[in-house]
Amino acid sequence: MKDDPWCVGFFVDNKMPWGGTTQLAIESLRGEKDQPAKIAMIAWLKERYPTIDALNHAWGTKFALYGDLPVDPKYKAPVTEAATRDVTDFTQLAAETYYKTVRDAIKAAIRMCVAGGRSGVAGDNGGRSLIMIKRLAHVCIGCTDLAAVERLYCQGLGFTKRFDFTKAGKVVGFYLEIGEGTFLEVFHADEVPLYGSPIRHICLETDDLDAVATRVADLGYEVSERKLGADQTWQVWIRNAPDGVAIEVQQYTPESCQFTGQACVVNW
């Protein structure tokens, strides 16, 4: 290949399944203690957090030692802001290290350049990786009769009530599960326009809320500060979508009411 006048470089891989902007780090945490990626990540975390207490404080965990990071294929990294930043940063470091290693090997062997590469989360988006929106999480509607709406959607259409929204001891809405992680969020309203849409907003689910917020803000849209909602789910809001729709983007936590089924006490 090095003597081929028509070969100007190499294209590295095609749609490798990176799994999103945090997955490489999460898979490293899930690995066996002697897995090179896990060893590298623990060493990297020790540089950022010299003591296990510092890591626990940032991540909201209770590890006794760095070696206690679990060997569990279903382990999910904590969702504090610091933990999300850490797994995102390490995933980026792992990707950069991979491509640098491949580039250096090719240049050393045949003195040709790496012309580019594609990963499973990359696309034609100005050279930036695409953020994976997992699904439509819920649609929020207003209604004047909560009981009637519950009867239609649960008894008529087979939805399942997941939990109630309460305020001052009174039910002001509820969450209905449609299936496959998608819900209908319903709140009481004094009136609903007869010919207008009762939809208040739509909500999208992601595994990387900070990355989504940054990308959308970079495009010039107004994005709210990240906050933990009353349902124990992280959220941001896109305020000025061109279609006029209010868009919520959320990232679940292990304590999210959507998982626990606990009543959500609102404070607005």
Okay, which of the stretch 144-158 sit inside 17 Å, backbone N to the point 7 Å along the Cα-Cβ direction of Ile178? 149-158
Would you kindly derive the ³J(HN,Hα) couplings of the stretch 80-90 from the backbone phi angles with the Karplus curve 6.51 cos²θ - 1.76 cosθ + 1.60 (θ = phi - 60°), listing them in order in whole Hz, with x for Gly and Pro? 5, 4, 5, 5, 4, 4, 5, 5, 5, 5, 5
Hey, which aspartates and glutamates would be in cross-link range of Lys46, C-alpha to C-alpha under 16 Å, not counting anything within fewer than 8 residues on its own chain? Asp68, Asp86, Asp89
Rounded to the nearest 0.05, what FRET efficiency do Phe187 and Asn240 give with R0 = 22 Å and r taken as the Cβ-Cβ distance? Could you check? 0.45
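In debye to the nearest 20, how big a dipole does the stretch 191-268 give about its Cα centre with +1 on each Lys and Arg Cβ and -1 on each Asp and Glu Cβ? Provide the component values of the computation, followed by the final result.
Values: 5 positive and 12 negative charges, 33 e Å.
Taking the Cα centre of the stretch 191-268 as origin, the dipole is about 160 debye.
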Which of the aspartates and glutamates could be linked to Lys107 by a straight reach, that is with a Cα gap under 19 Å, when you skip same-chain ones fewer than 8 residues away? Asp3, Asp4, Asp13, Glu96
Built amide H within the under 5 Å cut-off of Lys161, gap 5+: Glu177
Here the FRET efficiency for Arg200 versus Ala108, based on Cβ atoms and R0 = 41 Å and rounded to 0.05, is 0.10
Would you kindly state how much longer the chain becomes between Lys74 and Thr61 on full extension, computed as 0.36 nm times their sequence separation minus their alpha carbon distance, in nm to one decimal? 3.0 nm
Distance cut-off 21 Å, Cα to Cα: go down the list Lys134/Lys170; Lys33/Lys74; Lys76/Lys100 and report the pairs above it. Lys134/Lys170; Lys76/Lys100
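FYI, it's all coordinate maths here, none of it is from the lab. All values reported here derive from a predicted model rather than from experimental measurement. Virtual Cβ from ideal backbone geometry, glycine too; neighbours counted across all protein chains shown.
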